[in-house]
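Quick notes on the structure that follows.
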Amino acid sequence: MEEVDVEPTTTPIPGFDSNQKHLGFVWGPGDILVYETIYKASGGSAGGCPFVHEVRKDEDIYSPILRKLFNESHHIFVGLQRIREDLPSKNKKPQFVSISKNYRSVIRACMEELQQVAVSTQDAALATQYGNQVSILLAVELIWNLCEVLFIDAAPAGSLVLHLLDWVRLHKADVDEKAREVLASESPAEHQAYWDVVISYVLQGRMDEARQVLVKQAALQPAARVMFKLLDNLLMKMPIFNPGETQTLTEFDVKWRHWREEVDHCLQDQSFASNRHLEDICKILVGDEDVLLEYKELLSTWYHFLVTRLLFSHPTVKPTELHYYAQSSMHMFLDTRSVPEPLDSILLAAFEFDIHQVIKDCSIALNNWWFVGHLTDLLDHCKLLQSHNLHFGSNLREFLLLEYASGLFTHHSLWQLAVDYFDHCPEFGRVYLELQIERVPLDTERKALKVIRICEQRQMTEQVRSICKIMAKKALRNNRLGSALSWSIRAKDAAFATLISERFLQDYCAKGTFSDLDLIDNLGPAMLLSDRLTFLGKYREFHRLYGEKRFSDAAKLLLSLMTAKIAPHSFWMTLLTDALPLLEQKEVIFSADQTHELMFCLEELTSGKSVPTPDRPMQDEDIETTKIELLRLALARNLAMAIVKEGTVEV
Amino acid sequence: MEGINAKYVSKKISKTRWRPVSSSSLQQPDIFATGSWDNEDNSISIWSIGENGVSSMGDEFEGDPQLLCEYKHNGDVLDLQFLDQDRIVTASSTGAVTIFRHHHNSQTLSVSQLWERAHHYPCNNAPCTGVVCNSPEIVTVGEDGRIMLFRADQEGVLRTIEKADSSAIHAVTFLRTTEILTVNSIGQLKLWDFRQPGNEPSQILSLGGASRTGDRVPLHCVDRHPNQQHIVATGGQDGMLCIWDVRQGNMPISLMEAHTSEMWEVHFHPSNPGHLFSCSEDGSLLHWETSSNTDTPSFLQGGRNTSIISRSAIAPTGGNQSLINAWLTGDSSKGHLETTHMLPSQMLSVNSLDVLGQCLVCGTDGEAIYVNRHVPI
């Protein structure tokens, strides 16, 4: 058995004592159903608990704000799948980066909205819940951004530090807020947070902003003007790699070393000895780790420390060397006794370029598959996951997407989004969709039509049939024969169409009129779906012809219904009875030949059941006999008339 | 596609409707209502895109709809119409027909009238699929094949046409004050005249073999030309746009390829009927434009209630002959008709649209509302 990565969490079931009772459970796609079982070693039954509990891991899917995340990212996801495979990878990279940024901006938008409602809500518990969601999204965005820099954009040495700086600046934006507060105060230079702001700017490599704030202090201390001027000069001259320019990395490195020597000189000269703050800044500029660690509060995280350290000590660090600095930074920064949080180990794994560890740790730490699913999909498109094979399912991307989509499908409304995710899982997506789509509850025809459209677009004929059948059954239960017939025609379900046609004919026999004429008169080619339906349509046609007094056409059709064996035997008597009024017309309608055929039909019908069935009441039998007598008489008379008519030569 | 913003609302939108503006003013609409479907808790919502909404937050948010108020709705909102400036009628999947009142001062909604189980089967509820208003009259249709006539402020049912259809009726529109037109799931249009007793339609038109596949194509939407009441547009399962002249024959006058899936709604522009809009399950929203040079007269007539035009339409004079025929001869192959996609490519169904003045609003299964305030009319 495989070892467990983390201890599973325990979910207490309310009103259940695990010492005395036993639990049974069933897996669902996104949840499990838990119920009490009556299991006793010694037999005998106790009154069980009547409740079934639904245990769900993912609550986010029910948050109205996070729903926007699911909807918007669905759009981006489908866009990503449409990027053409055959494009050279060089052209694709900017597209992937922009898609990654789109995902992040959706996360940011969600986060901002959550923040707003968290502030405005009166309910403390709700505010905490929103707050938690915000912090989860913050972490998710932080990880995604780092993955974007390291894996998707794959910045080379030089640009790498710049990208990491952007990353840190974006997620440590409280500096700007503090700076605004300081600058807005009456005398900024005397504000207690003044030096915090200056140093924070320096730590983030924002030299121009740091200089602007420093000017305030310089103006206050005219005596130290030279010293301030010197630092200002150093900050201004700090070389920053510019990937757009023609400058090579080596050229930059030479320039940077030169500048650093200059800063070193200043330190050795004790140029800033009279001002502790300025001296600290200078020490930061040479990457003095002890001084950096003194400003732990301002750095607040080990990865900020890492990036600042890289900026001032190793600005041309290569991606492959990152892991070394990351590990050491983490150890230096974090208390040796404290255990790193999940976020720390995820980021560390990213710095170590261990993509699978990142995905695995995220899967464990987060309670839904949205993040890992989408990130893995994007990384897979960047061809970064090919080497890895799972010993279950198809591959990591598909596995995670299937999990995510299955979760969506359990939602009463978001199931529609899941369809596109299944579509882009080549191996098992279709099977999942086939199984899930049939189980969508159908309240209205409109919803049924939408589900059917999804199936038809994917040539899932079996599911279309089954959904139409469900709808047909429903209509039948509500006594809506017309609707039921329409649905079974759409399903091309001959057996069910036969069944409904029977119902129509029974209704006709009972009431003497047809219902739902608008439908039956307009069957068109659909009539051929089943023999019984054809008969129904044709029989109705006979009535129409008769109503329109087109007697000979009607007679021909009636006869053909029997001779061509379209009419079921059980219905022949009705048909023959229908022929009676035609036989009784003054005009001869049935020819001699046709009358013969009618007689054959009658004989065929009566010869089979000469012995009266015992369970049939005598009265019915009497009516039946009278009917046959009447028919025979009419047939004979008609035959006579027809022979006379046909034998008469018009002169 | 410029000037069209998406607003994600965390509910699948089944219906969107502008609040009518007084026909005398040239004012643009600024309030619309939406209905949701397939959610555990459905609702109807009132939105504002005007400056007099909740707040205007600079240019960036210009036209971003602001939620004014919301009210729980039992069942899916299958149709929604404004009865007047402050009353909204909804059709529910539970079979209920509800009139909501929008209180402008307090920005709240309340139920002012409710007909529960207006549509029903012997035992179960039957979804009410469509509603149309001609204040104070309200006509509803349902999957139960019934047509019901109500009057706002009257509790009872004015008229029921039982077994109006053997299959589900999907949509309804007024032709004249006493005549309505319904479309059903077997490709038929039925005309009903409330002056006549009995349960028989006065006319049946059928798509029949005119459809793409020769099958009976379910029709989902119908709209009447605002000035010429005999011209009707329908859309159905195959996504084709059909234009009918109910006076002539029982076949559509023209059939045009439009969408690849179900067309859920079709609307003539109310004051400029040379333009038509349709939306579909395939996620597209189309703007149709007849390049008829006689658009100006109809535009000048303005408004929905131009009885003069309708009379002249019945006995056409030479002058506006071409205007009348603009849609009837509509044929994209001859270049009379131009179509434009109005939404960026998106995948999920556009369930509803409404257009009034230069403003268009539509709602999707992607839980987004799109508003365009500069429709080129």
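Summed over segment A:557-571, the residues that are surrounded by fewer than 17 Cβ atoms within 10 Å (Cβ to Cβ) and part of a helix (DSSP H, G or I) give a count of 4. Among helices (runs of 4 or more DSSP H) entirely within segment B:236-335, having at least 1 residues that are crowded, with 18+ Cβ neighbours inside 10 Å and modelled with pLDDT of 50 or more singles out B:321-328.
Screening A:Leu138 on (1) open to solvent by 30 Å² or more (accessible area, probe 1.4 Å); (2) among the aliphatic types (A, V, I, L, M); (3) within 22 Å of A:Ser363 (Cα to Cα); (4) touching a residue at least 40 places away in the same chain (Cβ under 8 Å) shows it passes everything except condition (4).
Residue by residue, here is whether (1) among the charged types (D, E, K, R); (2) within 10 Å of chain B (Cβ to nearest Cβ); (3) open to solvent by 20 Å² or more (accessible area, probe 1.4 Å) holds:
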residue	(1), (2), (3)
A:Glu427	yes, no, yes
A:Glu434	yes, no, yes
A:Lys447	yes, yes, no
A:Gln459	no, no, yes
A:Ser466	no, no, yes
A:Ala472	no, no, no
A:Leu476	no, no, yes
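Filtered by the rule that a residue be farther than 14 Å from B:Leu219 by Cβ, more than 14 Å from chain A (Cβ to nearest Cβ) and either buried (at least 17 other Cβ atoms within 10 Å of the Cβ) or at pLDDT below 90 (or both), segment B:178-193 gives B:Glu179, B:Ile180.
In the set B:Ala168, B:Ala233, only one residue is within 11 Å of chain A (Cβ to nearest Cβ), under 26 Å from B:Asp354 (Cβ atoms) and open to solvent by less than 60 Å² (accessible area, probe 1.4 Å); that residue is B:Ala168.
Among the residues making up segment A:183-203, those that are open to solvent by 40 Å² or more (accessible area, probe 1.4 Å) and of a type in the set (A, V, I, L, M) are A:Leu183, A:Ala184. What do you reckon, is A:Leu582 open to solvent by less than 30 Å² (accessible area, probe 1.4 Å), aliphatic (A, V, I, L, M) and within 57 Å of the chain's Cα centre (by Cα)? No: the conditions fail for A:Leu582. Checking each residue in segment B:338-377 for being more than 23 Å from B:Ser10 (Cβ to Cβ) and either open to solvent by less than 10 Å² (accessible area, probe 1.4 Å) or within 14 Å of another protein chain (Cβ to nearest Cβ) (or both) picks out B:Val355, B:Cys359, B:Val375. Among the residues here, A:Glu398 does not qualify as away from chain B (no Cβ under 14 Å) and either under 30 Å from B:Ala126 (Cα atoms) or open to solvent by 60 Å² or more (accessible area, probe 1.4 Å) (or both).
So, A:Ser552, is that one farther than 26 Å from B:Lys190 by Cα and open to solvent by 60 Å² or more (accessible area, probe 1.4 Å) or not? Give the derivation first.
Details: farther than 26 Å from B:Lys190 by Cα: yes; open to solvent by 60 Å² or more (accessible area, probe 1.4 Å): yes.
Against the criterion (farther than 26 Å from B:Lys190 by Cα and open to solvent by 60 Å² or more (accessible area, probe 1.4 Å)), A:Ser552 qualifies.
When you scan segment A:536-549, how many residues do you find that are among the hydrophobic types (A, V, I, L, M, F, W, C) and open to solvent by 50 Å² or more (accessible area, probe 1.4 Å)?
Within segment A:536-549, the first condition is being among the hydrophobic types (A, V, I, L, M, F, W, C), and the residues that meet it are A:536, A:542, A:545.
Keeping just the survivors that are open to solvent by 50 Å² or more (accessible area, probe 1.4 Å) gives none.
Final tally of qualifying residues: 0.
Restricting segment A:326-385 to residues that are acidic (Asp, Glu) and part of a loop (DSSP other than H, G, I, E, B), the residue that is nearest to A:Cys110 (Cα to Cα) is A:Glu341. Out of B:Glu116, B:Glu143, B:Glu155, B:Glu137, one residue alone is acidic (Asp, Glu), surrounded by 14 or more Cβ atoms within 10 Å (Cβ to Cβ) and away from every other protein chain (no Cβ under 14 Å). It is B:Glu137. Sub-9 Å Cβ pairs linking a first residue in segment A:281-305 that is closer than 18 Å to A:Ser328 by Cβ to a second residue that is among the polar types (S, T, N, Q) and not in a helix (DSSP H, G or I), at least 6 apart or interchain, are A:His304/A:Gln204, ordered by first then second residue. Within the span defined as segment A:298-315, one or more residues are farther than 22 Å from A:Glu59 by Cβ, open to solvent by 50 Å² or more (accessible area, probe 1.4 Å) and not hydrophobic (A, V, I, L, M, F, W, C).
Which one is modelled with the highest pLDDT among residues in segment A:228-272 that are among the β-branched types (Val, Ile, Thr) and over 28 Å from A:Lys216 (Cβ atoms)? Within segment A:228-272, the match that is modelled with the highest pLDDT is A:Val254. Here B:Met251 fulfils each of the conditions (1) within 12 Å of chain A (Cβ to nearest Cβ); (2) of a type in the set (A, V, I, L, M, F, W, C); (3) more than 25 Å from B:His341 (Cβ to Cβ) apart from (1).
Restricting attention to segment A:507-535 and to residues that are buried (at least 18 other Cβ atoms within 10 Å of the Cβ) and away from every other protein chain (no Cβ under 13 Å), the residue that is modelled with the lowest pLDDT turns out to be A:Tyr508.
Within segment B:5-27, can one find any residue that is more than 14 Å from chain A (Cβ to nearest Cβ), modelled with pLDDT under 90, more than 19 Å from B:Ser280 (Cα to Cα) and in contact with a strand residue (DSSP E or B) (Cβ under 6 Å, 6 or more places away or on another chain)? Before you say what the answer is, go through the steps one by one.
Quick first cut of segment B:5-27, residues more than 14 Å from chain A (Cβ to nearest Cβ) only: B:16-27.
So of that shortlist, the ones also modelled with pLDDT under 90 come out as B:21-27.
In the following step, the residues that additionally are more than 19 Å from B:Ser280 (Cα to Cα) were identified as B:21-27.
Remaining after also requiring in contact with a strand residue (DSSP E or B) (Cβ under 6 Å, 6 or more places away or on another chain): none.
No - not one qualifying residue is present in segment B:5-27.
Checked against the criterion of being modelled with pLDDT of 85 or more and closer than 23 Å to A:Gly512 by Cα, segment A:605-625 contains not a single residue that satisfies it.
Looking at A:Tyr35, A:Tyr62 in this structure, which one is within 14 Å of chain B (Cβ to nearest Cβ), modelled with pLDDT under 90 and open to solvent by 60 Å² or more (accessible area, probe 1.4 Å)? Step through it out loud before you land on a result.
Working: A:Tyr35 fails: within 14 Å of chain B (Cβ to nearest Cβ).
From the options A:Tyr35, A:Tyr62, the qualifying one is A:Tyr62.
The residues on offer are A:Val226, A:Val213, and the sole one that is closer than 20 Å to A:Cys282 by Cβ and open to solvent by 90 Å² or more (accessible area, probe 1.4 Å) is A:Val226. Counting only residues that are in contact with a helix residue (DSSP H, G or I) (Cβ under 9 Å, 6 or more places away or on another chain), without any contact (Cβ under 8 Å) to a residue 60 or more places away in the chain and within 14 Å of chain B (Cβ to nearest Cβ), segment A:77-95 holds 1 of them. Pairs linking a residue in segment A:105-134 that is farther than 18 Å from A:Arg67 by Cβ to a residue that is among the hydroxyl-bearing types (Ser, Thr, Tyr) and open to solvent by 20 Å² or more (accessible area, probe 1.4 Å), with Cβ atoms under 6 Å and 6 or more positions apart or on different chains, are A:Ala127/A:Thr121.
The values are calculated or read from the model by the stated rules, or taken from the named source; none is laboratory data. Since this is a predicted model, take the numbers as computed values, not measurements. Cβ coordinates were reconstructed from backbone atoms using ideal geometry, including for glycine residues, and neighbour counts include every protein chain displayed. SASA here: full protein model, heavy atoms, side chains in, ligands and nucleic acids out. Shrake-Rupley method; radii C 1.70, N 1.55, O 1.52, S 1.80 Å.
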